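These notes concern the structure reproduced below.
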Amino acid sequence: MRITVLSGGVGGARFTRGLLRLLRERLPDGDGGTRARVTVVANTGDDLWLHGVRVCPDLDTLMYTLGGAVHEEQGWGRREESRRVSRDLAAYGLGWEWFTLGDLDLATHLARTELLRRGEPLSAVTRRLARRWSLPVELLPMTDDEVETHVVTDEGTLHFEEWWVRHRAALPARGFLQAGVEGASPAPGVLEALAGADVVLVPPSNPVVSVGTILGVPGVRDALRAAPGPVVGVSPIVGGAPVRGMADACLTAIGVATDAAAVAEHYGRRVDGGVLDAWLVDDADAPAARHLSEAGWTAAAAPTLMTDEDAAARVAAAALDLVGRAP
């Protein structure tokens, strides 16, 4: 069984970890793993240069989560982290107090930057970093090209991370710019992962600046529309609010209601030129599932809050059940 996941950061990482739990239980390989092959295509639109190093927030969240090193309470960064370097930078009057890099995390960024400066593409660098963590998936950046999401506000255009982390999305967004995306190409393996998947899963990641950015890479949306396997999405909205983060601010900026059905309609059905075949919502949004079903969608409601790894595995099972692909 071949599964491809289009992922942002925390939500996508926790969903994928649950998916792997499910697959180990139902398709074991006899060595503690699974016979299924999972490829994760990660958003890199949040990436930025900071202190001369290349930071890839979503790639690193996936790597740390699936590698067993993530700070569970935060959902990102390394557990047992320290910040001596960031404190010393501040003493020199440098750095951003709203975006501090942990010492262990900084080692990842330094390693990535050194390899990039040697001329290795991001996909090769990611593969090399992932080997350290013995990841049970193939982790791919959406592109080897530099793409950065910027947010247009009344106070100027900011990098997405500054708007998201420093301002907590409190500055109304007037629009989003994916700098560099129009000239980007899918990273090696991305289109093949879509074309060869038995099912493609879109976990509860931000539909605007995570999944939306992946779909903005030329060729990816068309490949998803042409994928032979069904495409199943899980709503990031529960009861009219994002599960975490400020996805509602992103949706408002593009004129989409913070509503489980509205997000599905934003993605659209593949039969109508969109990218989805099925949509899973939380039990709290069962009326949205009924509304979509009446409109011709394959939709269902189930508990989707990923409170732990077991719960995330149940969400993954419900998504696969929706299209008859559960192992």
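The values are calculated or read from the model by the stated rules, or taken from the named source; none is laboratory data. In this text, all values refer to a predicted model and were calculated from it rather than measured experimentally. Every residue, glycine as well, gets a Cβ built from its backbone with ideal geometry; the counts of neighbours run over all protein chains shown.
Brief remarks on what is shown
- Given (1) closer than 30 Å to Gly68 by Cα; (2) of a type in the set (A, V, I, L, M); (3) buried (at least 18 other Cβ atoms within 10 Å of the Cβ); (4) touching a residue at least 24 places away in the same chain (Cβ under 8 Å), index of the condition Ala264 fails: (1)
- Within the stretch 213-249, restricting attention to residues that are in a loop (DSSP other than H, G, I, E, B) and among the β-branched types (Val, Ile, Thr), the residue that is surrounded by the most Cβ atoms within 10 Å (Cβ to Cβ) is Val217.
- Taking every residue in the stretch 9-20 that is in a helix (DSSP H, G or I) and pairing it with any residue that is among the aromatic types (Phe, Trp, Tyr) and at pLDDT below 95, at least 6 positions away or on another chain, the pairs with Cβ-Cβ distances below 7 Å are Val10/Trp76.
- Test: residue in the stretch 262-282 that is assigned to a helix (DSSP H, G or I), within 25 Å of Glu161 (Cα to Cα) and not hydroxyl-bearing (Ser, Thr, Tyr): yes
- Criterion violated by Arg83 - all others in (1) modelled with pLDDT of 95 or more; (2) over 21 Å from Val190 (Cα atoms); (3) not hydroxyl-bearing (Ser, Thr, Tyr) satisfied: (1)
- Exactly one residue out of Asp88, Asp145, Asp105 is touching a Lys or Arg at 6+ places or on another chain (Cβ under 8 Å) and either touching a residue at least 40 places away in the same chain (Cβ under 8 Å) or surrounded by fewer than 20 Cβ atoms within 10 Å (Cβ to Cβ) (or both), and it is Asp105.
- Positions within the stretch 35-46 being of a type outside the set (A, V, I, L, M, F, W, C) and surrounded by fewer than 24 Cβ atoms within 10 Å (Cβ to Cβ), in sequence order: Arg35, Arg37, Thr39
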